[in-house]
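Accompanying notes for the structure given below.
All of the numbers you see were taken from the coordinates with simple rules; none came from a lab. Values in this document were obtained by computation on a predicted structure and should not be read as measured data. Cβ coordinates were reconstructed from backbone atoms using ideal geometry, including for glycine residues, and neighbour counts include every protein chain displayed.
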Amino acid sequence: MNSTYFQHTLARNLTFVGRGLHSGLPVRMTLQPADPDNGIIFIRSDMPLFQSEIAARWYNVTDTRLSTTISSRFGAKVSTIEHLMAALYMCGIDNARIVLNGPEVPIMDGSAEPFVRMIRQTGSLQQNAERRAIVIRHQVRVEEHGKSASFLPGPVPWVDMTIDFDNAAIGHQKLSVPLDRDLLDLDVSAARTFGFQEQIDTLRKLGLAKGGSLQNAVLIGDNGVINPEGLRFEDEFVRHKVLDAVGDLSLAGMTIVGRFMGMCSGHGLNNQLLRQLLAQEDAWFLTTLSGAEKYGTWTQGALPNPEKRHHQAAI
């Protein structure tokens, strides 16, 4: 069977040192191998052991202001996880323990590329367990203030993203890409987070963006992009929104086979969509990733009899 159908973990430990984008705090983070079906687990090493673990899953998302934050019922939290989660997806890492001594993943250069590069250099190990998949059966949509996010049936994982900012440096941008791990690495992993100069003071009063700089974000002023090196891509802004969506959707805990469509969507709508999807049990079915390929005809209406599933297995 093709190795892409099997779960993978890291070949060995991998450590990153940096600063949190919003907290501004220094952080040391180590990615460790984990057993099959473990998923991605964050561990706060600066907290008591019984409080420290947080599963990187949609139901643990507690804050989506400018980033995605997950929390445990014991009070532990980790924020700005989306770039790392996207990097793990791109590198095919299903199971890992992420140990960090602070409340936020280091921002690095504002993209997923530093994580992707080091994980690929470290390598991965195939495990004796198949990857699972959620196959979309019919449309699920959420909408808020003119913005929307949807899942539609489709034969492969896919993302369509549209953004529209009232700013000449960004404007209207669209990107449509398959969630192919290598293509995502090439097309979106290096796209950086971005913000507006006029909002900096307000964000810092709210306790956000304390660690932001021109080294880890694209800053937009009245006359366009302030960063002296300019943009990495002409459409870097929409590419970063795709990157964020990949990280947010990976919190489903398994591959979503279908088409995600984001219309100016962000972390909040992305999480709302996952919650809506998994609450509508007739909108999807659970299978293995290898099994999902057998269901290509359901996009033409010939739905298979889905495997007996338990709601708990999907969360």
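Structure summary
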item: Amide proton proximity set for A191, modelled H, under 5 Å, gap of 5+; result: A112
item: Spin-label model distance (nm) - D282 vs Y59, 7 Å beyond Cα toward Cβ; result: 2.3
item: Net +/- balance of residues flanking L66 in space, Cβ distance below 11 Å, scoring K and R +1, D and E -1; result: -2
item: Summed side-chain charge close to P178 - residues other than P178 whose Cβ falls under 11 Å, Lys, Arg +1, Asp, Glu -1; result: -2
item: Under-5 Å amide H pairs with S265, H placed in peptide plane, nonlocal only; result: S148, T162
item: Dipole of the chain, positive direction: furthest Cα of M47, W58, I81, with charges on the beta-carbon; result: M47
item: In order through segment 16-25: 3J(HN,Hα) via Karplus (6.51 cos²θ - 1.76 cosθ + 1.60), integer Hz, x for Gly, Pro; result: 10, 10, x, 9, x, 4, 8, 6, x, 7
item: Length added when fully stretched, S71-D164, from 0.36 nm per residue minus Cα-Cα; result: 30.4 nm
item: Built amide H within the under 5 Å cut-off of I40, gap 5+; result: A56, A96
item: Options F285, H172, C264, ranked by Cα towards positive dipole end of segment 133-300, top entry (Cβ charges); result: F285
item: Summed side-chain charge close to G123 - residues other than G123 whose Cβ falls under 14 Å, Lys, Arg +1, Asp, Glu -1; result: +3
item: Debye, to nearest 20: dipole size of the chain, +1 on Lys, Arg Cβ, -1 on Asp, Glu Cβ; result: 740
item: Segment 133-300: relative contact order in percent, alpha carbon pairs under 8 Å with at least 6 residues between; result: 41
item: ³J(HN,Hα), Karplus 6.51/-1.76/1.60, whole Hz, each residue of segment 141-152, x for Gly, Pro; result: 9, 10, 9, 7, 6, x, 9, 8, 9, 9, 10, 10
item: Residue-span extension gain [Q51 to Q197] - 0.36 nm each, minus C-alpha spacing; result: 48.8 nm
item: Mean separation of Cα contacts under 8 Å (6+ apart) over length of segment 20-109, as relative contact order %; result: 44
item: Packing-based exposure ordering (other Cβ within 10 Å, fewest first) of Y89, Y59; result: Y59, Y89
item: Hz values of 3J(HN,Hα) by residue in segment 195-211 - Karplus curve (6.51, -1.76, 1.60), Gly and Pro given as x; result: x, 10, 4, 5, 9, 4, 4, 4, 4, 5, 5, 7, x, 10, 6, 5, x
item: Per DSSP, loop trypsin sites (Lys or Arg not before Pro) in segment 134-243 with at most 12 further Cβ within 10 Å; result: none
item: For segment 1-39 and segment 45-73, distance of Cα centres in Å; result: 15
item: Förster-model FRET efficiency, 41 Å R0, Y5 and K210, C-beta, rounded to 0.05; result: 0.45
